[in-house]
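Structure, as structure tokens:
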Amino acid sequence: MKSPHRLLSRSILLLLLAAPAFRAMAAGDSAQLERGRYLVERAILCVDCHSPRNEKGEFVMEHWLKGAALPFAPTVDMPWSPVAPPIAGLPSMTAEEGVRFLMEGTRPDGTRARPPMPEFRLNAEDARAVVAYLKSLQP
């Protein structure tokens, strides 16, 4: 039987050897989340429809990406969604479904989102980054 001190020493050594790999994984996760945040907030601009604004037009941060009524409507009769659903935490989709939606424009039930939601065709890396960021915003 091995001594408890020897087992502890080996366990500590194993953790020290594995630490760089864990840091690299965390850095990769962090980079992916930052990429997702950038896409959601600056490039794709999900926040414009999916986050409510106050009477001054400023975002209501307590309800960030938690859905909002759209302040505009079409001038002709057409299918239209008057409300942008909550996407913080991506409550209506799994990660895989979210990636597919952002790459192909298809919801889990096979339908497409109604306007004004665009049918995105993101590449896999960007779709995974957006989904990772949204999933990180668990309500």
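The values are calculated or read from the model by the stated rules, or taken from the named source; none is laboratory data. Source: prediction; values computed, not measured. Counting neighbours? That spans all protein chains shown, and the Cβs are built from the backbone with ideal geometry, glycine included.
Here are the numbers:
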read-out: Residue check for Gly105: of a type in the set (Gly, Ala, Ser), over 12 Å from the mean Cα position of the chain (by Cα) and within 18 Å of Ala132 (Cα to Cα); value: yes
read-out: Residue count, the range 101-139 (criterion: at pLDDT below 95, of a type in the set (S, T, N, Q) and either closer than 22 Å to Lys66 by Cβ or buried (at least 16 other Cβ atoms within 10 Å of the Cβ) (or both)); value: 1
read-out: Residue within the range 59-79 that is at pLDDT 95 or above, of a type in the set (D, E, K, R), at negative phi and touching a Ser or Thr at 6+ places or on another chain (Cβ under 8 Å) present; value: yes
read-out: Counted residues, the range 45-60 - those being more than 24 Å from Glu119 (Cα to Cα) and of a type in the set (A, V, I, L, M, F, W, C); value: 2
